[in-house]
1. Return the total of residues in region 14-30 being under 21 Å from E256 (Cα atoms) and touching a Ser or Thr at 6+ places or on another chain (Cβ under 6 Å).
2. Kindly list, by first and then second residue, each pair from a residue in region 253-268 that is closer than 13 Å to S26 by Cα to a residue that is of a type in the set (K, R), limited to pairs with Cβ atoms under 9 Å and residues at least 6 apart or on different chains.
3. Might you let me know whether region 244-257 holds any residue that is in contact with a strand residue (DSSP E or B) (Cβ under 6 Å, 6 or more places away or on another chain) and not small (G, A, S)?
4. Just the residues that are within 30 Å of F284 (Cβ to Cβ) and assigned to a helix (DSSP H, G or I), please, taken from region 78-103.
5. Being surrounded by 14 or more Cβ atoms within 10 Å (Cβ to Cβ), of a type outside the set (S, T, Y) and assigned by TED's automatic domain parsing to the domain that holds Q263 is the requirement here; does K217 meet it?
6. I'd like to check something: does region 132-149 contain any residue that is part of a helix (DSSP H, G or I), over 26 Å from the mean Cα position of the chain (by Cα) and in the same structural domain as F37 (by TED's automatic domain parsing)?
7. Being at pLDDT below 90 and out of contact with any Cys (no Cβ under 6 Å at 6 or more places or on another chain) is true for just one of G456, G438, G447, G461. Which residue is that?
8. Could you list, in sequence order, all residues of region 45-65 that are touching a helix residue (DSSP H, G or I) at 6+ places or on another chain (Cβ under 6 Å), assigned to a loop (DSSP other than H, G, I, E, B) and either buried (at least 21 other Cβ atoms within 10 Å of the Cβ) or modelled with pLDDT under 90 (or both)?
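The values are calculated or read from the model by the stated rules, or taken from the named source; none is laboratory data. Values in this document were obtained by computation on a predicted structure and should not be read as measured data. FYI the Cβ positions are ideal-geometry reconstructions off the backbone, even for glycines, and counts take in every protein chain you see.
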Amino acid sequence: MARDGHKYIFVIGGVMSGVGKGIASSAMGLLLQSKGFSVNLVKVDPYLNVDAGTMNPTEHGEVFVLNSGLETDQDMGNYERFLNRDLGGEDYMTSGMIYQSVIARERALGYGGKCVEAIPHVRNEILDRFDAAATFNGSDISVIEIGGTVGDFQNALFIDAARVLKMQHPDDVLFVMVSYLPVPGSIGEMKTKPTQNAVRQLNAYGVQPDFLIARSKHPIDAKRKEKIAIACSIRADHVISAPDIESIYDVPLNFESDKLAEQLTDALKLSSKKPTDLAAWKKFVKAVKRTDVPEVKIAVVGKYFDTGDFVLSDAYLSVIEAIKFSGAATRVKPSIHWINAKDLEKGNAAAVLKDYDGIIVPGGFGESGIEGKIKAIEYARTHQVPYFGLCYGMQLLVIEYARNVAKLKGAHTTEIDTETPHPVVAVMESQKENIAQGKFGGSMRLGSYPAKIVKGTIAHGAYKASEISERHRHRYEINPKYVEQLKEAGLVFSGTSPDGVLMEIAEMPKKEHPFMLGTQFHPELKARPLAPHPLFTAFLKAAAAQK
């Protein structure tokens, strides 16, 4: 049951997926927060996976890891970036989580021998989780994005749970549909009929949208707002124009021009608290779009690009955004270029990489493209090109250094070569049993862990701190048996676990290389528009200096 006086805004998609429900939800959260309200954002994913950790990033996009270690949908990353704060596991749910919980309760006779059914038991579990998220956050308003599109079989129970909440608390619940209005090239006119049909589909669930966010290539005009209002029983001023724009970070400002936050709070019968302006946000948006600053060309050497004729940059979404944030902070314009690691395996890495000011190898798993990434790392090391390795990118940095500098012939990771003569990267002891038993979901080293930083290193100069906390997602670590040998060869482990056992950051001394650094953790997961990550900032500064 909902807490008395707590407000809920449900965001539901219409016509098709991928039109920006997550960004719309994030923008609403930011705007309501700027009005002085405490807001929590919740993502509902209707799939039966218990979490996002076992899904292919080429198909689904990146896995975003929370401080708690929960592996979630990439929208959770957008929520954190827009709200500029960490979210908890209560702010994410999947159908898999719901059913797992209901079934576990049934097995323990938690339902007292009743026949357990989707209605009411699964629906009640959903309602309990909506309430738990609000209670955990102590918020005034919950903005809850229901994944998928209206009409999908998978999300029907979540929409029905929202309907019941509206029935129980009519003054405390709003529905916002984010729908697409196409402009067919052969017609040249914005068409509203698909959206009208989507609203009727939602009506079939017993739900009437209070607001409609009209996504389209162009702004929606007054005539079509009126047409939607009449056909869909939505006030014309509650039809919000959301045209394609240059940056997702413009969306809150675009909504602000339509006074969306004021309209939402009026509809919820809320009086403004202590509003704050969006000056810092506007300053960031202006900085990220500047063209009168030096361009820095960054090569992202990855493997999750095999999607036909398209590049799925969503597989590395947080990396892209972290680069943008630090670019705005350092007054440079990062130009990001995708390099398929598999292509480097076949050809001359120097010919491909010679025009870049910096190279990033992001995280990943498995053998595919690994030697291409190692070629890129060797090129960066030998040609003094700033290099930043993230998770797997650090492990491969160590492998390349072990092979070519420490002269450990055949050095590798046991993830790829279990017979390597020099396993400089090896599976964590705590993970061996998980792998043997096929326990892959939610079983890695996940979430936030502390680390201590060595003074006088590049890492310490960036963080300006001796202790940090960062988010992890991996099974393999630098093998402690090789740490001293690698140090003797000149590699610096500038970040370690508090007990000194696990290597968290590896780097080359600055006197030997301007920026050759890798992290076992994922710093991109903590980068925010108004709080760029210090290591990304240091990397871009080094790349700009090289240019």
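1. 0
2. That search, which allows pairs on different chains as well, returns L253/K282; A261/K35.
3. no
4. N78, Y79, E80, R81, F82, L83, G89, E90, D91
5. The answer is no for K217.
6. Looking through region 132-149, none of the residues is part of a helix (DSSP H, G or I), over 26 Å from the mean Cα position of the chain (by Cα) and in the same structural domain as F37 (by TED's automatic domain parsing).
7. Residue meeting the stated conditions: G438.
8. Selection gives G61, E62, V63.
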